[in-house]
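Asks: Here it is: the structure, laid out below.
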Amino acid sequence: MENNNRDNSRRNFIQQSAIAGMGLLFAPTLLSADSIETKKITTKEESNMNTRKLGKLEVSALGLGCMNMTGNYNAPADKQQCIKTIRTAFENGVTFFDTAEVYGPYINEELVGEALQPFRDKVKIATKFGFAIDGTIARNSHPAHIKKVVEESLKRLRTDHIDLYYQHRIDPNVPVEDVAGAVKELIAEGKVLHFGLSEASVKSIRRAHAVQPVSAVQTEYSLWTRNVELNGVLETCEELGIGFVPWAPVGEGFLTGAFDTTTKFDEKNDFRAGFPRFSKQFLPLNMPIIEWIKAYAAKKGTTPSQIALAWLLAKSPNIVPIPGTRSEIHLLENLGALNFQLTKTEVQEIETSLSKCPVYGDRMGEAHMSQIDYTI
């Protein structure tokens with residue numbers, strides 16, 4: 001599902017943003033669509049893409065989250081268009097692609113595998129295990145299950161190895177040491193190259209890392225979701241040399257500026273319909289956040305999503321955001337965040353200003369939050 005507001009290109013939004021809300025406080029210059037550089041780069045030699053390290057795994061500074069191509073935030077998109085978007089990302093220097101067996105389920109891995117097959121040796125694929133996928137939200141990270149599902153993921157991805165294999169959620173019924181030990185065996189067999197954790201607590205990260213070095217931790221992190229700054233996860237990753245991969249780096253679309261108080265989310269196809277921050281109660285209260293970002297982006301001659309991504313990139317060289325999109329236009333807009341760098345002063349300005357805008361509502365619904373390994 002794409003709501004009516006998102007049917008309009010973000011380019012149209014850019015043209016209107018300077019006259020909206022708090023933009024008047026900064027009196028920014030109106031931007032034309034042509035003023036935003038989203039030129040397609042046809043060879044990686046011409047790309048502005050740098051690489052970063054997730055532990056010892058080298059990837060492009062921005063990755064591509066592929067989940068939304070097969071649903072969760074809307075109905076599945078056209079398969080051929082999604083393949084085209086993934087390949088356009090590669091043509092523009094992206095070498096890091098994120099999927100999971102539960103997306104679809106299964107069909108997202110199939111899509112990614114087909115799209116990347118022509119240049120599999122030039123990219124890094126991250127996928128995830130840990131759900132029972134039995135019609136419930138149950139988790140299953142028993143070692144025998146991991147060794148079974150990795151074979152299925154390898155087949156769907158059309159590959160003989162997974163570059164980064166995440167435990168999707170910590171399983172309260174399986175010690176994380178046992179999970180790390182199972183992945184360690186898969187690494188010894190060459191079926192997996194690196195181990196990752198998703199939405200894990202500091203305690204779980206340390207316990208797992210003691211058995212098998214963790215290359216990356218993936219957790220929601222953005223300008224309006226900064227829990228990992230408070231619960232010690234970011235600090236622990238820095239200490240242990242673990243890379244950090246923010247999912248939803250543009251706030252599940254909120255930080256693009258595409259939503260307003262009339263936006264509705266499809267209850268059948270869109271998880272956000274059950275996320276408190278996007279509810280009728282809280283979405284209007286959260287609008288000052290994006291209105292400030294829109295005005296700031298207009299002042300800088302860029303877009304809100306580019307500001308959100310540039311902020312993450314400036315926080316640490318060990319951070320690799322994975323913005324998700326099915327659209328080539330939005331993909332290229334996101335990659336435009338690599339065309340400039342925020343200074344420490346600008347980062348501080350953004351954070352100080354947004355600290356005056358409270359975030360209302362939890363980041364996910366109750367069922368999703370029940371699977372998180374920490375409370376902050």
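Asks: Checking the condition buried (at least 24 other Cβ atoms within 10 Å of the Cβ) and part of a helix (DSSP H, G or I), which residue from Ala216, Ala200, Ala208 passes?
Replies: Testing whether each residue is buried (at least 24 other Cβ atoms within 10 Å of the Cβ) and part of a helix (DSSP H, G or I) leaves just Ala208.
Asks: Only residues that are assigned to a loop (DSSP other than H, G, I, E, B) and open to solvent by less than 20 Å² (accessible area, probe 1.4 Å): list them for region 250-264, please.
Replies: Passing the criteria: Val250, Gly257, Phe259, Thr263.
Asks: Here is a list of conditions, (1) more than 18 Å from the chain's Cα centre (by Cα); (2) crowded, with 23+ Cβ neighbours inside 10 Å, and Gly274 meets all of them except one; can you say which number that is?
Replies: Here Gly274 clears every test but (2).
Asks: In the list Val245, Val228, which residue meets the criterion of being part of a strand (DSSP E or B), touching a strand residue (DSSP E or B) at 6+ places or on another chain (Cβ under 9 Å) and aliphatic (A, V, I, L, M)?
Replies: When all the criteria are applied, what remains is Val245.
Asks: Inside region 298-376, counting only helices (runs of 4 or more DSSP H) that do not spill past its ends, which hold 1 or more residues that are of a type in the set (A, V, I, L, M, F, W, C) and open to solvent by less than 20 Å² (accessible area, probe 1.4 Å)?
Replies: Working: elements: 304-315, 328-335, 344-354, 366-369.
It comes to 304-315, 328-335, 344-354.
Asks: Counting only residues that are among the β-branched types (Val, Ile, Thr) and under 19 Å from Gly243 (Cα atoms), how many does region 297-329 have?
Replies: 3
Asks: Still on this structure, I have one more. Filter region 150-166 for residues that are out of contact with any helix residue (DSSP H, G or I) (no Cβ under 7 Å at 6 or more places or on another chain), open to solvent by less than 80 Å² (accessible area, probe 1.4 Å) and farther than 11 Å from Leu186 by Cβ and give the result.
Replies: Glu152, Asp163, Leu164, Tyr166
Asks: Quick test of your reading of the structure: Pro172 fulfils all but one of (1) assigned to a helix (DSSP H, G or I); (2) out of contact with any Phe, Trp or Tyr (no Cβ under 6 Å at 6 or more places or on another chain); (3) under 28 Å from Glu252 (Cα atoms). Name the failing condition by number.
Replies: (1)
Asks: Considering Gly181, Gly190, which residue is in a loop (DSSP other than H, G, I, E, B), open to solvent by 10 Å² or more (accessible area, probe 1.4 Å) and closer than 27 Å to Lys124 by Cα?
Replies: Working: Gly181 fails: in a loop (DSSP other than H, G, I, E, B).
Answer to the selection: Gly190.
Asks: Next up: From the list Leu335, Leu309, which residue is out of contact with any Ser or Thr (no Cβ under 7 Å at 6 or more places or on another chain) and farther than 25 Å from Lys79 by Cβ?
Replies: Leu309
Asks: Output the qualifying pairs, or none if there are none: Cβ atoms under 6 angstrom, residues six or more apart or on different chains, first residue in region 225-251 and closer than 19 Å to Asp163 by Cα, second residue at pLDDT 95 or above and in a helix (DSSP H, G or I).
Replies: These pairs meet every condition: Phe244/Cys237; Pro246/Leu312.
Asks: Ok, one more. Scan Glu291, Glu267 and give me the residue that is modelled with pLDDT of 95 or more and not aromatic (Phe, Trp, Tyr).
Replies: Being modelled with pLDDT of 95 or more and not aromatic (Phe, Trp, Tyr) holds for just one of Glu291, Glu267, which is Glu291.
Asks: Which number in (1) within 22 Å of Ala367 (Cβ to Cβ); (2) touching a residue at least 40 places away in the same chain (Cβ under 8 Å); (3) surrounded by fewer than 19 Cβ atoms within 10 Å (Cβ to Cβ) marks the one condition that Lys280 misses?
Replies: Here Lys280 meets the rest and fails (2).
Asks: State which residue is surrounded by the most Cβ atoms within 10 Å (Cβ to Cβ) when the search covers only region 119-149 and only residues that are touching a residue at least 24 places away in the same chain (Cβ under 8 Å) and part of a helix (DSSP H, G or I).
Replies: Checked region 119-149; the qualifying residue surrounded by the most Cβ atoms within 10 Å (Cβ to Cβ) is Ile146.
Asks: Only one of these is among the charged types (D, E, K, R), assigned to a loop (DSSP other than H, G, I, E, B) and crowded, with 17+ Cβ neighbours inside 10 Å: Glu109, Glu101. Name it.
Replies: Working: Glu109 fails: assigned to a loop (DSSP other than H, G, I, E, B).
Exactly one of Glu109, Glu101 is among the charged types (D, E, K, R), assigned to a loop (DSSP other than H, G, I, E, B) and crowded, with 17+ Cβ neighbours inside 10 Å, namely Glu101.
Asks: Hey, another quick one. Check off (1) surrounded by 19 or more Cβ atoms within 10 Å (Cβ to Cβ); (2) at pLDDT 50 or above; (3) out of contact with any Cys (no Cβ under 8 Å at 6 or more places or on another chain); (4) farther than 21 Å from Leu313 by Cβ for Lys84 and give me the number that stays unchecked.
Replies: Evaluating Lys84 over (1) surrounded by 19 or more Cβ atoms within 10 Å (Cβ to Cβ); (2) at pLDDT 50 or above; (3) out of contact with any Cys (no Cβ under 8 Å at 6 or more places or on another chain); (4) farther than 21 Å from Leu313 by Cβ leaves (1) as the failure.
Asks: Which ones in region 254-272 are in contact with a Phe, Trp or Tyr (Cβ under 7 Å, 6 or more places away or on another chain) and closer than 18 Å to Tyr103 by Cα?
Replies: Correct list: Asp270, Phe271, Arg272.
The values are calculated or read from the model by the stated rules, or taken from the named source; none is laboratory data. These numbers were taken from a predicted model, which means no experiment stands behind them. Note that each Cβ is placed from the backbone with ideal geometry, even for glycine, and that neighbours are counted across all protein chains shown. All accessible areas refer to the heavy atoms of the entire protein, side chains included, with ligands and DNA or RNA removed. Shrake-Rupley method; radii C 1.70, N 1.55, O 1.52, S 1.80 Å.
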